[in-house]
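What follows is a short report on a single structure.
The values are calculated or read from the model by the stated rules, or taken from the named source; none is laboratory data. All of these numbers come straight from a predicted model, not from anything done at the bench. All Cβ positions, even for glycine, are placed from backbone atoms using ideal geometry, and neighbour counts span all protein chains on display.
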Amino acid sequence: MRVEVMVATWLAVTAVSATGDEALRIAVSPAQSFAPSNLRIRASVAPNAENRSLEIVAESSEFYRRSQISLEGDRAARTNMFEFRGLPGGDYLISAVVTDSRGHRRAIAEQQVRVIPQFGR
């Protein structure tokens, strides 16, 4: 049910900038790996004076990790890098959310990745 809620939320609040470019994009590498895995997430945020924070979440049925940074509106770096180390096996939903100063979501991006569990452990 949690994934269904996230997908519905994503469809409802995905933001697009005035130029037609995406307000937020993520690229997760590797898309498939063996546990324990280190995931690298590159988040590209379109400059906007309202942007105040960027949150990245890696979530599977048995694991959760979150990281958040502050953004300085339209002066913030366009590209932000994150690394989540030692993720155990599972199917992960990686999500990124940009919020404004009131905590309202401005943009959401998601990507699925798979970490293959080690057998015999």
### Task
Can you tell me which residue among ALA35, ALA43 is more than 15 Å from ALA109 (Cα to Cα), of a type in the set (Gly, Ala, Ser) and modelled with pLDDT of 95 or more?
ALA35
### Task
Collect the residues in region 24-59 that are assigned to a loop (DSSP other than H, G, I, E, B) and crowded, with 18+ Cβ neighbours inside 10 Å, keeping them in residue-number order.
ALA46, ASN48, ASN51, ARG52
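For (1) in contact with a Lys or Arg (Cβ under 7 Å, 6 or more places away or on another chain); (2) basic (Lys, Arg); (3) closer than 18 Å to SER33 by Cα, each residue gets a yes or a no:
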{"position": "SER61", "(1), (2), (3)": "no, no, yes"}
{"position": "LEU71", "(1), (2), (3)": "yes, no, no"}
{"position": "ASN80", "(1), (2), (3)": "no, no, no"}
{"position": "LEU93", "(1), (2), (3)": "no, no, yes"}
{"position": "VAL98", "(1), (2), (3)": "yes, no, no"}
{"position": "VAL113", "(1), (2), (3)": "no, no, yes"}
{"position": "PRO117", "(1), (2), (3)": "no, no, yes"}
### Query
What number of residues within region 96-121 satisfy the criterion of being assigned to a strand (DSSP E or B) and of a type in the set (D, E, K, R)?
4
## Note on the structure
Quick count over region 69-82, residues being exposed (fewer than 12 other Cβ atoms within 10 Å of the Cβ) and under 11 Å from the mean Cα position of the chain (by Cα), is 1
